Amino acid sequence: MKKLLKLMENEENTNKPHNEPHKRRYDWLKQYQFQAGNNANPTGRPRGKSLKTFAKEMLEKMPDEEKARYLKELDPDFTWRMAEGQPQTNVEVSGEMTSKVIRLNE
């Protein structure tokens, strides 16, 4: 028993993952991280029309017949969401529920 305790004590002294501060496993990646002041995209996002603005302008320029053909090709659910917006997801439901407990004899 004493040998086992001594062996466990030696193991704890050599393998101290919980006692020592955790050594980072990703230290080798530091050389590949961006340095302070160095940005991968220094000019920022390219300015221009957003896709939403582009689509809105495109639909505004179309004659009514062409709009009708275009909208006919789209999924009706998608067309509805374009016109009315996304349905609400924060709907509150309330009510009463009754239940009956039946016991079965073994």
* Give just the number: which of (1) under 21 Å from residue 86 (Cα atoms); (2) part of a loop (DSSP other than H, G, I, E, B); (3) of a type in the set (A, V, I, L, M) does residue 40 not satisfy? => (1)
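Which residue, of 26, 70, is in contact with a helix residue (DSSP H, G or I) (Cβ under 9 Å, 6 or more places away or on another chain) and hydroxyl-bearing (Ser, Thr, Tyr)?
On the way: 26 fails: in contact with a helix residue (DSSP H, G or I) (Cβ under 9 Å, 6 or more places away or on another chain).
The unique qualifying residue is 70.
Read-outs throughout are calculated quantities, based only on the coordinates presented, and are distinct from any laboratory measurement. In this text the structure is predicted, and so the values were computed from the model without any measurement. Cβ: placed from backbone, ideal geometry, glycine included. Neighbour counts: every protein chain shown.
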